[in-house]
Amino acid sequence: MKKIDVRLGQNSYSVYIGVGILSQTGQRLKELGYNGKAVVITNPLVNRFYGILVKQSLLDAGYQAKVLEVEDGEEYKSLESAGKLYQQLAEFGAERSTVILALGGGVIGDLAGFVAATYMRGVPLVQLPTTLLAQCDSSIGGKTAVNHGQLKNEIGAFYQPKMTVADISTLKTLPTEELTGGLAEVIKYGVIKDAQFFVYLEKHLDLIKALDDNVLETIVAKSAQIKVEVVEIDEKDTGLRNILNFGHTVGHAMESVTNFQIAHGQAVAIGMVAATKIAAELDILDLGNVVRLKNLLEKAGLITKLPLTKVKQVMQAMRYDKKVQNGKIRFVLPRAIGQVFITDNVSPAIVEKVLGEMI
Ligand SMILES: NC(=O)c1ccc[n+]([C@@H]2O[C@H](COP(=O)([O-])OP(=O)(O)OC[C@H]3O[C@@H](n4cnc5c(N)ncnc54)[C@H](O)[C@@H]3O)[C@@H](O)[C@H]2O)c1
């Protein structure tokens, strides 16, 4: 098992990453000094796999435990779901000291996190991520959110958990496409911050796909460590945290143009290739690194070409992205594998040329 400390002053907490550690949740929570009631928020699918395990661990540690289900899907990451959960929490007699545990992927983590941040002006939160994306990314850093109308992830709060327990064994039941999608974010960490990690991924991809426990623990821990380092410097997302958006400028545009028919990880993979090609076009990055990134993404099962020919529409979508400032499109570009910088100074003509070459 690996333990990573997140140092954020009064909001500090630890992330535990290991095999079969979900059953220790209750005990760890007790050691943090919490007692009384504990509510697990999850969805029916994840509940079926891991709900009883977590509930039993809470009961064994002396908690009065309850499991609440929200339907599975991004469309349920909503104010309506939050409203139902507030009601159910009140019916259970949840108090200021009641702990909320988010058991599931990023959807559950964001929604349950938002509910924990707002119910009674904030109750203790524990993240129990069960997808690769949630273990490497969304359960760390304290961003919680719901979607509302056209606003995606824009209603929310920065709210740090009291601990995060990422049990690698839960990845065994994850559908392959979810694992593949999560790998896009894992590869992203290598490009933005750690060349050695990128090499590790190149060497161990087969073992990752074979769900080798040791390798999965290593890649989740390394990804989490990199995210923690970034969040410790920029908790509220005012500067450095932007580098986590590597691949997301074109990625978000792809999601928007395809009306979210393309999976997030796939969109980010395309975006990472685009950003890397832009850097090569600007003579900032060696062309060989574009090839390395493409090879790794493709081996992981990710897309590296534009799955449509509507380059103009992608350009348009980028201009409407919330990250556009003063009409300038912001890119995170690599200087080398393991090193990126943020720029508003990429001419649209270059972006259009690169996208055209990616069809
Ligand atoms: N807060 C943040 O910093 C942050 C960062 C990135 C993404 N996000 C959010 O995360 C969400 C995406 O998260 P996701 O990719 O985890 O998707 P998800 O939560 O929808 O989970 C994907 C699917 O896998 C299922 N699942 C989860 N764990 C499983 C398991 N162990 N075995 C079998 N099936 C399992 C889920 O029920 C779901 O059907 C988006 O809403 C996104 O906005 C948040």
- Query: Which members of the stretch 140-183 meet the condition of being among the small types (G, A, S), more than 10 Å from the ligand (Cβ to nearest atom) and in contact (Cβ under 8 Å) with a residue 12 or more places away in the chain?
  - Reply: A157, A166
- Query: Taking the stated definitions as given, is S23 open to solvent by 40 Å² or more (accessible area, probe 1.4 Å), outside any strand (DSSP E or B), touching a helix residue (DSSP H, G or I) at 6+ places or on another chain (Cβ under 6 Å) and more than 29 Å from F260 (Cα to Cα)?
  - Reply: yes
- Query: Does G83 satisfy the criteria of being away from the ligand (no atom under 16 Å from the Cβ), farther than 21 Å from S169 by Cβ and either buried (at least 20 other Cβ atoms within 10 Å of the Cβ) or in contact (Cβ under 8 Å) with a residue 40 or more places away in the chain (or both)?
  - Reply: no
- Which residue pairs have Cβ atoms under 7 Å apart, sit 6 or more places apart or on different chains, and have a first residue in the stretch 254-270 that is closer than 17 Å to G301 by Cβ and a second that is at pLDDT below 90 and not in a helix (DSSP H, G or I)? I262/P307
- Go through the residues of the stretch 263-281 one by one and say whether even a single one is touching a Gly at 6+ places or on another chain (Cβ under 6 Å) and assigned to a loop (DSSP other than H, G, I, E, B). yes
- Specify which of the listed residues (I140, I168) is β-branched (V, I, T) and more than 11 Å from the chain's Cα centre (by Cα). I168
- Please determine, by comparing only the residues of the stretch 282-299 that are part of a helix (DSSP H, G or I) and open to solvent by 40 Å² or more (accessible area, probe 1.4 Å), which one is nearest to F260 (Cα to Cα). E298
- Message: So in the stretch 300-312, with the set limited to residues that are open to solvent by less than 90 Å² (accessible area, probe 1.4 Å) and assigned to a helix (DSSP H, G or I), which one is modelled with the lowest pLDDT?
- Response: V311
- Query: Just wondering, is there one or more residues in the stretch 110-122 that are touching a residue at least 40 places away in the same chain (Cβ under 8 Å), near the ligand (Cβ under 7 Å from one of its atoms) and open to solvent by 10 Å² or more (accessible area, probe 1.4 Å)?
  - Reply: yes
- So which residues in the stretch 328-337 are surrounded by fewer than 18 Cβ atoms within 10 Å (Cβ to Cβ) and either of a type in the set (G, A, S) or at pLDDT 95 or above (or both), if there are any at all? R335, A336
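The values are calculated or read from the model by the stated rules, or taken from the named source; none is laboratory data. Because the structure is a prediction, the values reported are computed rather than measured. Because the Cβ atoms are built from the backbone with ideal geometry, glycine has one as well, and the counts that use them run over all protein chains shown. Ligands, DNA and RNA are excluded from the accessible area calculation, which covers all protein heavy atoms including side chains. Shrake-Rupley method; radii C 1.70, N 1.55, O 1.52, S 1.80 Å.
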